[in-house]
Each structure stands twice: as C-alpha cells, then as structure tokens.
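The values are calculated or read from the model by the stated rules, or taken from the named source; none is laboratory data. Bear in mind the structure is a predicted one, so any value in this text is a computation, not a measurement. Virtual Cβ from ideal backbone geometry, glycine too; neighbours counted across all protein chains shown.
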Amino acid sequence: MVKPGPFTQENWASKTINYLWKAFLGGLVFFVLFVWMVSINFLGLFGSLPDFKALENPDSELASGIYSSDGVLLGSFARENRSPVSYEELAPNLVQALIATEDERFEEHSGIDLQAMLRVFVKSIILRQDAGGGSTLSQQTAKNLFKTRTDASSGFLSKVPGLRMLIVKTKEWIVATQLERAYTKNEILTLYLDTSEFGSNAFGIKTASKTFFNKLPQELTIQESAVLVGLFKAPTYYSPVFNPENSLRRRNTVLSQMVKNEFLTETEYDSISKLPIVLDYQVQNQNQGLATYFREIVKADLIKWSKENLKSDGSAYDLFGDGLKIYVTIDSRMQRYAEESMKDHMKELQKAFYKEMGTRDPWINESFQVIPNFIETAVTRTEAYRLLKKRYGDNTDSINLRLNEKKKMRIFSWEGERDTLMSTMDSMRYYKKFLQTGMMTMDPATGHIKAWVGGIDHKYFKFDHVKQGKRQPGSTFKPFVYAAAIENGYSPCYSVVDQPVEVYIPGQPAWSPSNSDGKFSYERMTIRKAMAQSINSVTAYMMKKLSPLIVIETARRLGITSDLEEVPSLALGVNDVSVFEMVGAFGTFVNKGEHITPYYIDRIEDKNGNLIHQFTPKKKPAMSEEHAYLMTYMLRGGFEEESGTSQGVASAIRVGNELGGKTGTTQNGSDGWYMGISKDLVSGIWVGGDDRAIHFRSWSAGQGAKTARPIWAKFMAKVYDDTSLGYTKGAFPRPERPLSIEIDCDKYEFDSQQNAGFDYDAKKNDF
C-alpha cells in the first residue's frame, strides 16, 4: 500500500491553479454554450430574438404627423407620442452629454463593454458599491427596439427569477453586437434617442425637446440637453416638472460627466451648473395646438382609409405606429387667425349672454319660460349617469347623491382654466350656459379648406360644429331660393311688394311668414334688395312662384346633402344643415358654377416620404357661369344695398373690394349664421347653444349679424393684413360673354318683366 505524499504548499498551489483553470474553462464553455442556446432559442426555453430582417429594419412605433399646406406640424396620432429624428438634427452638446453619461467608451467597444462589465462586477457584487450601469448604448437601444424584457419575448426558463435577468442580458448582448455590425455609431446613437422614453407622454428626443422646451433637438442648449439626458435614469423621479430639485441635481451630474470626459471645462461647468432650469412645458395631446377639432375629423377619416387601403404585403396601415405623413389643406396662419377671431368675439359675446341672463337660467321654451327639470333631464343622457345607473339600478337616492357630490375639478372659462369644487350637476349646469360656434373657410377654386374651428375649446367641448353638427340655417338658405329664381330667368332687378304672402298646399294649412320685425313695408323692391335686407315676405313669394321641389333640386346641385322637406317654409331655412355643406354650396357661386366638395386631405406619405395616396377633389358642374356670377352679384347686395345686413362690416376690408354676405337667424334666435364670400375665399360661421333651448331672449341680440358676422370680419381683416398669404382685395371675375339677364335696374324693362309675372292670389292653391 502506497502512502500519500507529504502535504506541501507547492502541491496545494498547483492543485488550486489547476482547479481554477478547469473551472474557468468549464465556465467559458458553459457560457458559450449558453449564449448559443439563447441565440437559437433552444427548445423554445429562452424566448425569441429578432431576425436579421428585423435588425435591418427595426419596427419602432412612430407617430403619424399632420402637416399643414405651409409645412407646419399641426399634430400627431400615436400610441406613443414619438417623431423620428436624424443624426444631423441633433445638437452636438446633446450627443456629448449622452455619451459622457450613458456610455463613455461608446466609440471604442463593439456593443459590449467588458471593462464596464468588470467594473460593475467588482464594485456591485464584491464591494457592494453603486457602480452605475454596465449596459452600453447599443444594449439599451436593443432593449428599446426589440422589447427584450417583455413577456412576449420570454421563454420557459425566463420564469426562473435568478435566470431571467441573465437571459435578458445575454439577449441584449447578442442583439447589441448585431446592431453594431448593421449600423454606424451615429445611427445607433440616433436610434437610442428616437426610441427612449422621457416621461410626460414624450417618446423620442424630438418630442421631448418640444414637450419640455418647445424647441427642436438641434436648438437645445447645453443645460437643456443635460436635463433631457438626465431623464434616462428615471423619467418621473428626475422630471423637471414634477421633481425640479431632483432634476437640477441630476442635470449637474450630467454636466460633471461632460467635464470628466472633456466636453466641458471646469469654468463652463461652474457657470452652467448655477443656472436654473427654465421650461416651456407643453404636453403634446389632441387638445392642444392648432385645428384640434379638425384633427379629430381627419383621424376618423384616416382610420377608415387604413381599413380600405392595404400595404403591398397585404397588411393594414397603422395610423398610430407607422409614422405616416398626412398633408392637409389647412393653412396654419389662417387657422390661427380663425381661432383668434373666434376667441376674441366669443369671449365678449359670452359676457353679453351672461349679462342678459342675469340670475335666470337660459334654457327657455317658446314662451320664454324656463324649462323645468332641464338639467335633470339632460344629465340622464351623460356617460356619468349611465355608469351610476349600471351600479345602483333603480336606487335613485344613491344616484342623486353621487350626482350632487362635490369634487375637485378643473373647468373652462374665458379667463383661463380654474380649479374649483363642483358636482356633476353643478358642472352640467355650468357648461350648458356656454355659447358654441363652428367656422370653416375654403378656397372655392380648389375646394381646399384653409381653416376649421369646430368649437370654443376642444378639451372641454368635444363636439364638432362644422361637419358633425347640423342646425337650421335660417336666412342663409334664402340664396338657394334666389338661385332657383335666377336659373328660371328672373333678374336681380325683378321687384316684388313687401306684403303678407299666403302659400297654400292641398291638405296643409296656409303658410304666411312675417318679417323679422313683425312688420311689412308694402314697398316694391328688387329681389336683390330683398335678399340684402333679408325680407321674408319676398322670399316666400318667390317660393310661391317656383315651388319647394325646384328649390330643393337647386340646393342639391349646389352641394346641400342634408335632408330637405318639400314644404314652403324651407325657404326660410327650417331644415338642419352643416357649416361644411353650406360653405361648399356657396363656393359654387364663386367658382363659376362648378361645385367642389370641400377637400381637406391632400396626400399621405410613408415615414420615408414615399407617396402612398394622392387625394383628388370631387367636382361637378352645378350651374352656368353666368348664373353663378349673378348670385355673387346678389350676395354683394348685403354690402351695397341700402340697409343690407352686411353694412355693419368695417370699411377696412370693404374699401377697394367686392364682398358678398348673408346673415341668418332662426325664429327664436337659437341659431346665428353668417356666410361671407370674396373672390378667393368662402366662409361659413354658426353660433348658438349646444341645446336649441339655450339662446338670447332678445332676437336682436341673437341675430347672426351680431353673433356670427363679427368673427368673419375679424378673420378677413387678419387675412388681408398678412401679405404672405397672397389673398388680395378685388372684384369677382365677370363672365367673358355678355350677360343675358339685365342687372342694370335703370335699363330693366319694369312693366313687361314685373307685371307679366305678378299673379299673386292669396286664395290660390299653389304647386
């Protein structure tokens, strides 16, 4: 039997080294084998990795943007509010701050920084110290792009707590090295900034720059770049909005890292680190910016479009992630002028409404008596009531208790948002008292909509009053009666006596409208003057001569698509129509008789600028050029005839200009309208309460000349003042061929034209 040799220090050292080598080699083999198994997702145990095609074309969600005709980004559609950026758009100090803070050796490694990993292992594992992160920018980009830490990319072994993070890190190492082979350093850095979250609903550096500083990335100062880079560590904890002290401390840490990496001098650091953080904070959402109501209409249209138009591979377009570029006809300058004009006027009009209202409620019936239980009935149509009803059933006491329970809320006012305590019932009562408006402006030659104001504030009042809303147009419908008359040979000089008119239809009671002031002048006047003064009796007489059917047919050709009843009162605008279709119809007069359906989406491009869809306007001949011109002449009467309803418009826009206009007011003043035309623009404005029962008690205070026309006048003044828009004053173009209908009333053959057609008989059955 051989005895073991004596124990020696040399023997022990040799065995230990031998053991360590075996352990190292074994660990190395195991690690390589582990990496290989992760890379191929062996037996589905580790979860999938992106394929090469995905690496070459990473699928990062990008917001789709809406761009105005003058190149301004109006808004975006996104699940994550993100806009792409190129490396050339990044400020150098932003790049420096990022590298200095997040990956000092970015330019030296190939996706994995072994030196950083060793530092983290020694300090964090052995010494139990904070060593910062060991992930490179390439690894962090891999994490952002391919969601390596989500359940969707996890396998069975990922459920093991200790093993999960090792698998995740291995995946990020693999993807990072592949990214380094597929992209340049600048591209990786840009991808990282494009795909990172900054908090405050800001994804990507372009959106973050806009949100926190209202700047483009290339415009960021050193201190602003440092603030944004500091957010990568913890967007909420270091938010300059919600945790300004933490943000300031983190910003200065970033600045010190820039000094350490020689991007800043100590002197520069001393100066910049003492500066406060100055924000221009604007969270990007659909309630902010220009054309908020319009953007919602466009979104609905685009969702429908994405279902009807597929990509070349057969998949559907994703409005909220494909980074589409939607170019619309809206001009940002004109949109701003329209919104400013609306706000200036509606603020003052609301004051007048409150003054007239006093302590009385504004919801009144035809007898001007307050409608009982109006708010109690209205609240039953709300979502809040529906949810309470679902919860409490027929327990009205509990429902009423909740409806009258006061809580903190922020409310709209014309002096700015304010915080208060209100119940649901209080809120309903408060908001019902606000007057609303809808306004649209169109270029009649192209059909391009240039401005769209759907309401007074999209955050608090979601309903669009341009296209969604329909209300009685009142006297703004009269031009369709006179258009039918012109087409049937009547001259603007044709005259009618302002006196009571009775229109009979078999089986129906006689219709005999009064004028707005309840009086008749018994004056013989031209139909141009009658339309200019909005005389109801003359319009009723022309309806008696023509018939509702002819007027409906004319209105249809001109662009009115809403249901129209074949009744005489149609002449005074008793059927609901939208601002959208009224503007399109009046545009036919200015566009030489050709109707163009109002048009607001020009084209759609993909994220790379490739054209996907070019939209074209729908056009159709609606009336002759001569008749169209005669209607512009008729509409000019509001400005040119004695006591015309547009006489109150300031001379600043009238001098050296031909303008046309028509006011409209429904019988109880629920709806105030104004349709305004120039040689280049057609506008329509409606003003009223969301509920028809809410209106001025005084008809004169609620008439379109006071509620709607001032908005148009303010808007047109701003348009003419901005010479960059290219809209000038001037005359409506006259047809080249001589007019077949005489408009010089001095030359008009009064007796032959007047008396031959005047067969008024109050007892006669018409039509």
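Let's see how each residue does on (1) at positive phi; (2) among the polar types (S, T, N, Q); (3) outside any helix (DSSP H, G or I); (4) touching a strand residue (DSSP E or B) at 6+ places or on another chain (Cβ under 9 Å):
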| site | (1), (2), (3), (4) |
| --- | --- |
| Gln335 | no, yes, no, yes |
| Lys347 | no, no, no, no |
| Glu366 | no, no, yes, no |
| Ala378 | no, no, no, yes |
| Lys390 | no, no, no, no |
| Arg402 | no, no, no, no |
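Tell me which residues, restricted to the stretch 276-323, are at pLDDT 90 or above, within 30 Å of Asn252 (Cα to Cα) and not β-branched (Val, Ile, Thr).
The answer is Pro276, Leu279, Asp280.
Looking only at the stretch 167-181, decide whether some residue is buried (at least 22 other Cβ atoms within 10 Å of the Cβ), in the same structural domain as Arg105 (by TED's automatic domain parsing) and at pLDDT 70 or above.
There is at least one residue in the stretch 167-181 that is buried (at least 22 other Cβ atoms within 10 Å of the Cβ), in the same structural domain as Arg105 (by TED's automatic domain parsing) and at pLDDT 70 or above.
Confirm whether Val682 is crowded, with 18+ Cβ neighbours inside 10 Å and of a type in the set (A, V, I, L, M, F, W, C).
yes
Suppose we filter the stretch 699-741 for residues that are part of a helix (DSSP H, G or I) and either surrounded by 15 or more Cβ atoms within 10 Å (Cβ to Cβ) or of a type outside the set (S, T, N, Q) (or both); how many remain?
21
Among the residues of the stretch 715-742, which ones are hydrophobic (A, V, I, L, M, F, W, C) and closer than 21 Å to Thr588 by Cα?
The answer is Met716, Ala731, Phe732, Leu739, Ile741.
Taking the stretch 647-679 as the search range and keeping residues that are closer than 14 Å to Gln472 by Cβ and surrounded by fewer than 24 Cβ atoms within 10 Å (Cβ to Cβ), which one is modelled with the lowest pLDDT?
Gln667
List the residue pairs whose Cβ atoms are under 7 Å apart, where the first residue sits in the stretch 359-377 and is in contact (Cβ under 8 Å) with a residue 24 or more places away in the chain, the second is of a type in the set (Asp, Glu), and the two are 6 or more positions apart or on different chains.
Cβ pairs passing all conditions: Trp363/Asp691.
Take the conditions crowded, with 18+ Cβ neighbours inside 10 Å and either closer than 20 Å to Ala585 by Cα or touching a Leu at 6+ places or on another chain (Cβ under 7 Å) (or both) and apply them to Pro513. Does it pass?
Answer is yes for this residue.
For Ala483, only one of the following conditions fails: (1) surrounded by fewer than 24 Cβ atoms within 10 Å (Cβ to Cβ); (2) touching a His at 6+ places or on another chain (Cβ under 8 Å); (3) of a type in the set (Gly, Ala, Ser). What is its number?
Unmet for Ala483, out of (1) surrounded by fewer than 24 Cβ atoms within 10 Å (Cβ to Cβ); (2) touching a His at 6+ places or on another chain (Cβ under 8 Å); (3) of a type in the set (Gly, Ala, Ser): (1).
Of all residues in the stretch 321-330, which are surrounded by 20 or more Cβ atoms within 10 Å (Cβ to Cβ) and assigned to a loop (DSSP other than H, G, I, E, B)?
Gly323, Leu324, Thr329, Ile330
Can you tell me which residue within the stretch 254-268, out of those that are among the hydrophobic types (A, V, I, L, M, F, W, C) and in contact (Cβ under 8 Å) with a residue 24 or more places away in the chain, is surrounded by the fewest Cβ atoms within 10 Å (Cβ to Cβ)?
Phe263
Going by the conditions given, is Arg692 surrounded by fewer than 24 Cβ atoms within 10 Å (Cβ to Cβ), among the charged types (D, E, K, R) and over 26 Å from Gln468 (Cα atoms)?
Here the answer is no, as Arg692 does not meet what is asked.
Which of the residues that make up the stretch 698-729 are touching a Gly at 6+ places or on another chain (Cβ under 8 Å) and more than 14 Å from Ser646 (Cα to Cα)?
Listed by number, the residues that qualify are Ser698, Trp699, Ala701, Gly702, Lys729.
Looking at (1) aliphatic (A, V, I, L, M); (2) within 27 Å of Gly648 (Cα to Cα); (3) under 45 Å from the mean Cα position of the chain (by Cα), can you tell me which one Val496 breaks?
(3)
Do you know which of the residues in the stretch 388-410 that are surrounded by 14 or more Cβ atoms within 10 Å (Cβ to Cβ) and in contact with a Ser or Thr (Cβ under 6 Å, 6 or more places away or on another chain) is farthest from Gly358 (Cα to Cα)?
So the residue we want is Tyr392.
Only one residue in Thr437, Thr441, Thr382 is modelled with pLDDT under 95, among the polar types (S, T, N, Q) and under 30 Å from Gly669 (Cα atoms). Which one?
Thr382
So how many residues does the stretch 411-426 have that are surrounded by 11 or more Cβ atoms within 10 Å (Cβ to Cβ) and not aliphatic (A, V, I, L, M)?
Residues meeting the conditions: 8.
Taking the stretch 198-224 as the region of interest, how many residues are touching a residue at least 40 places away in the same chain (Cβ under 8 Å) and either among the aliphatic types (A, V, I, L, M) or out of contact with any Asp or Glu (no Cβ under 6 Å at 6 or more places or on another chain) (or both)?
17
Would you check which residues across the stretch 352-364 are farther than 17 Å from Trp699 by Cα and assigned to a helix (DSSP H, G or I) and list them?
none
Could you run through the stretch 589-629 and say how many residues are surrounded by 22 or more Cβ atoms within 10 Å (Cβ to Cβ) and modelled with pLDDT under 95?
Total meeting the criteria: 0.
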